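None of the figures in this text is laboratory data; all of them are computed from the coordinates on show. Just so you know, these numbers come straight off a predicted model, no measurement behind them. FYI the Cβ positions are ideal-geometry reconstructions off the backbone, even for glycines, and counts take in every protein chain you see.
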Amino acid sequence: MKPPRFRYADPTTVEEALELLARHGVEARVLAGGQSLMPLLNFRLARPAHVIDVNRLDTLGRIAPAADGGLCLGALVRQRALERSALVRERCPLLAQALPFVGHPQIRARGTLGGSLAHADPAAELPAVMLALEARLTLCRATGERTVAAGDFFVGLLTTALAPDELLTEIALPAWPTRTGSSVREIAKRHGDFALGGVAAMLTLDAQGRVARARIAGFGVGPVPVRALDAERALVGGAPTPSALAEAGRLAAAAVDPVDDIHASAAYRRRLAGVLTTRALTDALSAVDGRVA
Ligand SMILES: Cc1cc2nc3c(=O)[nH]c(=O)nc-3n(C[C@H](O)[C@H](O)[C@H](O)COP(=O)(O)OP(=O)(O)OC[C@H]3O[C@@H](n4cnc5c(N)ncnc54)[C@H](O)[C@@H]3O)c2cc1C
């Protein structure tokens, strides 16, 4: 099916794109990789009067080291470029671990980081990864910019804090602490399908081998990606024993609010959240100090 008619613009500067967004507001949609927007148009689930193609905004395609040891990622960086980046593997292994789960290589070759975050599919991997990493997102409009924590960005099903005249331009990932391991676990019907449920987890140990920090974010288990805060708190200060990781799984399952749909029941998804949390934490523990799970 062909998309409905729209007016097309392909600005070459961020300023020009923001001016177009300011002018057209709710009548406009940004086109990045098109991997979610084009199906929405073709199925007539979106009917924007204006499509603003941002693919010529080269300044938004960078993967750069940040001075604090973290990463600065342009919103337009392709998912495949992130997956192949040695800098991402070195500075943010959790992101590198998540990317192979995102669709298929052809989709990742076009799909962008910013597009995945702005689309905010509840079963998508990258929003949950951003939550676990405590990423900060820069949202620009013609009159200025603001920075939003990932925890405040995902506000509901396919809904974010982005206003109609705002463009997501940059994602900042904080430095990766030493003695940290991470993992992404998910269950999908076939590899490359959206997950029925999944978990991104990070574990940082102190010099005595106790848990100094834990991050657990679930996806596909509610309308937005969800941090399992009680599970994280229960782990901190204790030894990462199998029973502690199992208890974290139990607490993570209690933290999620999944729904029944044609793919899986809510009860199955809740169980997945618990089981996958324990498995992801177990992987993360064995990956501390660069040991591969
Ligand atoms: C067959 C198939 C399987 C897939 N499987 C998975 C999967 O398993 N996991 C997964 O996470 N994803 C999956 N995807 C989705 C894929 O990751 C998309 O790339 C992603 O959701 C959207 O990125 P995009 O760059 O293509 O954005 P687009 O499709 O261009 O845009 C998506 C939405 O975000 C908005 N937008 C895009 N960029 C910006 C910006 N910078 N500022 C403001 N708004 C913006 C657009 O206006 C639109 O509303 C799949 C897609 C397909 C087609």
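Data table
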quantity: Computed helical MRE - 222 nm, the chain, DSSP H runs ≥ 4 contributing -39500 (n - 2.57), nearest 500; calculated: -10000 deg cm²/dmol
quantity: Charged-residue dipole, Cβ positions (Lys, Arg, Asp, Glu), the chain about Cα centre, Debye nearest 20; calculated: 680 debye
quantity: Cα→Cβ-extended label distance, 7 Å offset, between Ala161 and Asp193, nm; calculated: 3.4 nm
quantity: Net dipole in debye of region 1-140 [+1 Lys, Arg Cβ; -1 Asp, Glu Cβ; about Cα centre; nearest 20]; calculated: 520 debye
quantity: FRET efficiency, 1/(1 + (r/R0)^6) with R0 35 Å, evaluated for Glu27 and Asp230 via beta carbons; calculated: 0.25
quantity: Alpha-carbon spread of the chain, three principal axes, descending order, Å; calculated: 58, 46, 31
quantity: Net lengthening on full extension, Lys2/Arg84 (0.36 nm per residue, minus Cα-Cα); calculated: 26.2 nm
quantity: FRET efficiency for Arg44 and Cys72, using Cβ-Cβ distance with R0 set to 30 Å, rounded to 0.05; calculated: 0.20
quantity: Dipole-positive endmost among Phe154, Ala195, Ala22 within the chain (Cβ charges, Cα centre); calculated: Ala195
quantity: Convex hull volume per residue in cubic angstrom - Cα atoms of region 47-130; calculated: 107 Å³
quantity: FRET efficiency, 1/(1 + (r/R0)^6) with R0 41 Å, evaluated for Ile107 and Ala246 via beta carbons; calculated: 0.70
quantity: Cα-centre dipole for region 85-149 with unit charges at Cβ (Lys and Arg positive, Asp and Glu negative), debye to 20; calculated: 160 debye
quantity: Amide hydrogen neighbours beyond the local backbone of Ala66, cut-off 5 Å, H modeled; calculated: Leu71, Cys72
quantity: Distant alpha-carbon pairs in region 111-246 (separation over 22 angstrom), percent; calculated: 42 percent
quantity: Additional length obtainable on full extension of the chain from Tyr268 to Asn55, 0.36 nm per residue less Cα span; calculated: 72.7 nm
